[in-house]
Amino acid sequence: MTKAIEKDVPAGVGESEFKTAMRQVACSVAVITARSGKLVNGLTATAVCSVSASPPVLLVCVNKGASAEAIIAESGSFAVNFLTEEQHRVARLFSTSKLSPDERFAEGRWQAQVTGAPVLDGALASFDCLVEDCVPSGTHNIYFGRVVATASLDQEGLIYRDGSFRRLAPIA
């Protein structure tokens, strides 16, 4: 791991200032899911990105306190389900704390591909992943997942910005 070069620089910005700035960044909305035996859960996330195409690898940032985090760690797998505009209710269910897994998975049809992690039928794009590495960083764990199965549709994707789910519109 590369260490930062030591200079006389400020300590950094505070959590509130950081969150305010990040709220201005538009992001795709994904639901990260995992299954270990009979345990299943998931969470809504915007901190997801591709790492490599050869081999195909994604990274997801998962809060260490999220109910799905322990399931990802235990199972060694997860699925990333990028949502369509029409699936905003799924995003809300998985972003509401204290809901049971049954309540979260009540919306939509869920199936397994390779790893057993739930994959949302009709998602914009789904990636079934095996954990290759986990790097702790602050309040989150960064999971690197090797993609072992995918599915995708030609639909409009759900966007999140400034505390709201949004639609993407072309510039005329």
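Say we look at segment 41-69 and pick out the residues that are in contact (Cβ under 8 Å) with a residue 60 or more places away in the chain and outside any strand (DSSP E or B); which of these is farthest from P118 (Cα to Cα)? Please lay out each step first, then the result.
Restricting attention to segment 41-69, the residues satisfying the condition of being in contact (Cβ under 8 Å) with a residue 60 or more places away in the chain are 41-42, 46-47, 51, 55-65, 69.
When the remaining residues are screened for being outside any strand (DSSP E or B), the result is 46-47, 55, 64-65, 69.
Values: T46: 18, A47: 19, P55: 22, K64: 20, G65: 20, E69: 15 Å.
Applying the filter and picking the extreme gives P55.
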Among the residues that make up segment 118-130, is at least one of them farther than 21 Å from G157 by Cβ, assigned to a helix (DSSP H, G or I) and not polar (S, T, N, Q)?
no
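Filter segment 142-172 down to the residues that are out of contact with any Phe, Trp or Tyr (no Cβ under 8 Å at 6 or more places or on another chain) and in a strand (DSSP E or B) and list them by number.
Of all residues in segment 142-172, those out of contact with any Phe, Trp or Tyr (no Cβ under 8 Å at 6 or more places or on another chain) come to 142, 144, 146, 148, 151-156, 160-165, 167-172.
Once the filter is applied, which keeps residues that are out of contact with any Phe, Trp or Tyr (no Cβ under 8 Å at 6 or more places or on another chain) and in a strand (DSSP E or B), segment 142-172 yields I142, F144, R146, V148, A151, S152, Y160, R161, S164, F165.
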What are the pairs with Cβ atoms under 6 angstrom where one residue, in segment 26-40, is within 17 Å of A125 (Cβ to Cβ) and in a strand (DSSP E or B) and the other, located anywhere, is modelled with pLDDT under 95 and open to solvent by 30 Å² or more (accessible area, probe 1.4 Å)? Sequence gap at least six, or different chains.
C27/T46; C27/Y160
So, in segment 68-87, of the ones that are of a type outside the set (A, V, I, L, M, F, W, C) and surrounded by 18 or more Cβ atoms within 10 Å (Cβ to Cβ), which residue ends up nearest to L124 (Cα to Cα)?
T84
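The values are calculated or read from the model by the stated rules, or taken from the named source; none is laboratory data. Remember, it's a predicted structure, so these values are computed and weren't measured experimentally. Every residue, glycine as well, gets a Cβ built from its backbone with ideal geometry; the counts of neighbours run over all protein chains shown. Only protein heavy atoms, including side chains, enter the accessible area calculation; ligands, DNA and RNA are left aside. Shrake-Rupley method; radii C 1.70, N 1.55, O 1.52, S 1.80 Å.
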